Structure formats: structure tokens, C-alpha cells
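Please treat every number below as a calculation from the coordinates, not as lab data. Worth saying up front: this structure is predicted, and the values here are computed from it rather than measured. Cβ coordinates were reconstructed from backbone atoms using ideal geometry, including for glycine residues, and neighbour counts include every protein chain displayed.
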């Protein structure tokens, strides 16, 4: 039975309300300053001021912490990357410049005012969380699945990472779900445009879009496959333009962290056994749980192998292959690194199971909930780094 609009609204409202609650708890640790989600390190703060030639006021600057959100903040300060992408230490920014949509939206939403940028980055992710949760809910309704599965996405560790670290992947998956929604309604050109926006938000979207094109081709839906593949052609053109400007396509700088399937697992466990201490084990615990999720999902597919290849199954297999191909550096970086790469796996695990009419595994639910609770607890209770306000 389809949910009423009122029930849908209440579910999305609950997800947003709980998110605002834990965001408030996090920001309260930093005098309610929204720039705390950027995780701007002292070194990059000085570099940004020097390269852009601006005085950056009222920012939370961490003395011994930094994270990728700082690059999207930097690109929102300098959308053309005329200053940040020049001179020494520019490669770190150039590697992210292909993900242009998130910082560009923040620049537009803040009307180019630097003081509003931190809040704009958070607001975009909140809207992406609400939008992606709504679209996932619609798919769950279509498959007559339990609507409560949407909470695994809305409260998942990937969503928490994006919202507390200013990462673009929630927005990327919003575009992906919107594209799949349009594709399901045979609005192929609109779907292709949304897929392109997804890739321009995060190159990881390729691990979804390429399998979609493959599935459409296997099903001999040539027109849809051709139209969707136009997004891949356009994205290749974007990479070519970036290569002309910077001397190399940023996508290949990042994909160099991938390896042969399972080879990264060998390196990860080898490093784990060589560094058998409490600190290393705590850092690796999140990665171990994600690896366990991957392997158990593989086990379930082998045990209940479907007779029909569906789009969600095709993409799920692609997500599993990507996870199995991550290098040891990414696997060893803890849940901060691995959580964002696993978002697609978590999402399409839900979609495939719902489409197949199966009950979602309690073990996978337990892993998902445990990852979220432990990460959020560590963030709210154990994350107390030294910082100053610029």
C-alpha cells in the first residue's frame, strides 16, 4: 500500500530533524561556528590566505586535523581555481577540481559572500539528504518494500560523514537517484543530464552510470543506452578540458588509488598484522566492518542468486567490484575514508533487496546501524582537537 504524502513528509522530517540534532551537538563543541565542518587545517588555512590574497575571518582552524571538505571550501572561494591551482602544492586541489558542482553551488547559494560559504556547504548537503531520502522512499514504495529501510540511508555513516565533513557525495547520490527516477519514467535525456551532474559532483558516479549503460545495452534498449552514454561522452570532454589546462586529467590522479580485486585486502591485512597495537586496531575497526559488509553481501548473492539480471543488481555488482578493488591506503584509512566509498554499496544493497521482494538482512542492518552509532558517538564524545578562530 503506497504511503500517504503526509507519512512521506513525516519520515523525511524525522531524518532532517535528527540530522540537525547531531549537527547541533557537533557545532556546539566549536561555539556554533558552521565552518567547523570544513575541517580546515592550519597549514591549508595559511596557504589559502596566501594564494587567494584574502583575509579569512571567523573560521574554525584545526591545529592538527584536516579533511577533504577544505578543498571544496577553497574551490568555492576561488571557483575558477586561478589562484589555488597555481604554484606549489596545487596538485591536492587539482585532484578535486573535477568535482565542480558542490563548490559552485555553494558559491552561488552564498551569493559570493565568503562569510556565508560554510553555512551554504551544510545547507546543500541537508537538501541533498532530504531529496535523496525522498527518492529512495519512492523506489521502496514502488517495490512494495518496508519504507523504514530509508532510515539506513538517512542515518547511514556516509550521510554523517558528508554532513560533518562537507563532502559532495550526498549531492552526487541525489543526482543519481533523480536520474534513475527519470530513467524509470523513460525521460532519458533528463536522466542523462542528471547523470552528468552526478559525475561532475563526484567521479565515483562512474561506478553507477557505466553499469547502467551496460545493463541497457544487454537488454537491447539501444535508444536509452545511447542517450545515457552521452553523459559519459560529455564527462570525457570535461576531463579532456581539465587535462589541457592542468597537464593531466584529475580522474586518473584519483583512480590511481585502485588496484586489482582483493589485492588491496591483502595489503590491508598484512599491514594490520604488522602493526598490531590498540591505536591501529581502533582505526581499522570501521574498515573491518565495511569489509565484512561487502563479503556478507557477496555471500547473500551467491546463496540466493537471482534468475533475472536487473539494473539494481548490475549496479550492486559494480559497487562490490569497486570495494574489492580499493587499494590498501584507502582501506587502512578507517571509516573516514571507506565510509564515503561504501555509500553506493549501502544504497544499492537496499534497492536490490527491495526490488527482489526479499527481507533485508538483519545482519547487514546491524552492521549499518553499528557503524553509524559508533562513528557518531566518537564524533560527539571523542573528537576534541585543538583549534582557534581566525
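Assuming 0.36 nm per residue, please report the length gained on full extension of the stretch residue 301 to residue 146 beyond their Cα-Cα distance.
On the way: separation 155, 0.36 × 155 = 55.80 nm, distance 2.01 nm.
The residue 301-residue 146 span can extend by a further 53.8 nm.
What is the helix-to-structure angle for 278-303, meaning the angle in degrees between its Cα long axis and the longest Cα principal axis of the chain, kept from 0 to 90 and rounded to the nearest 10?
20
When you take every Cα atom in the chain, what is the radius of gyration, and what is Dmax, the widest Cα pair distance, in Å?
My reading of the Cα-based Rg and Dmax gives 20.6, 61 Å.
Helix 188-201 versus the longest principal axis of the chain: what is the Cα-based angle in degrees, 0 to 90, to the nearest 10?
On a 0 to 90 degree scale, this one is about 40.
Expected output is a single nm value to one decimal: the length gained when fully extending between residue 214 and residue 92, i.e. 0.36 nm times separation in residues minus the C-alpha distance. What is it? Display every interim value, and only then the final one.
On the way: separation 122, 0.36 × 122 = 43.92 nm, distance 3.25 nm.
Here the segment from residue 214 to residue 92 would lengthen by 40.7 nm.
I want to make sure I understand the PRE zone here: with the label point 7 angstrom from the Cα of residue 245 toward its beta carbon, which residues in the range 62-79 have backbone N atoms less than 17 Å away?
71-79
Compute the distance in nm between two label points, each set 7 Å from the Cα along the Cα-to-Cβ direction, one at residue 49 and one at residue 369.
The modelled label-to-label distance comes out at 4.7 nm.
By how many nm would the segment from residue 18 to residue 127 lengthen if fully extended, with 0.36 nm per residue of separation less the alpha-carbon distance? Don't jump to the answer; show the numbers that get you there.
Details: separation 109, 0.36 × 109 = 39.24 nm, distance 1.40 nm.
Additional length available on full extension: 37.8 nm.
Helix 362-377: angle to the longest alpha-carbon principal axis of the chain, degrees 0 to 90, nearest 10?
Here the helix axis deviates by roughly 10 degrees.
What residue among 78, 146, 68 shows peak mean-square fluctuation when the chain is described by a Gaussian network model with Cα springs under 10 Å?
Between 78, 146, 68, it is 146 that shows the largest mean-square fluctuation.
Give the relative contact order (percent, whole number) for the chain; include only Cα pairs under 8 Å separated by 6+ residues. Don't jump to the answer; show the numbers that get you there.
Values: 507 pairs, mean separation 79.0, N = 390.
About 20 percent, as a whole number.
Quick one: order 258, 199, 95 by neighbouring beta-carbon count within 10 Å, fewest to most. Walk me through the numbers before you get to the answer.
Details: 258 14, 199 27, 95 19.
Arranged by neighbour count, lowest to highest, 258, 199, 95 become 258, 95, 199.
Given springs between every Cα pair under 10 Å in a Gaussian network model of the chain, which of 105, 300, 167 has the largest fluctuation?
Evaluated over the chain, the most mobile residue of the options is 300.
What is the range 130-198 by shape, rounded, prolate or oblate, if you read a ≥ b ≥ c off the alpha carbon gyration tensor as root eigenvalues and call it rounded for a/c under 1.5, prolate for a/b larger than b/c, and oblate otherwise?
On the way: a/c = 3.87, a/b = 1.17, b/c = 3.30.
Oblate, since a/c reaches 1.5 and b/c is not below a/b.
Given the -39500 (n - 2.57) contribution per DSSP H run of 4+ residues, what per-residue ellipticity at 222 nm results for the chain, rounded to the nearest 500 deg cm²/dmol?
Values: 20 runs with 263 residues, N = 390.
Mean residue ellipticity, 222 nm, calculated: -21500 deg cm²/dmol.
Could you give the distance between the Cα centres of the range 92-110 and the range 335-390, to the whole Å?
Here the answer is 24 Å between Cα centres.
Which FRET efficiency value, to the nearest 0.05, do you get for residue 187 and residue 384 by plugging their Cβ-Cβ distance into 1/(1 + (r/R0)^6) with R0 = 35 Å?
Values: r = 48 Å, r/R0 = 1.38.
About 0.10, to the nearest 0.05.
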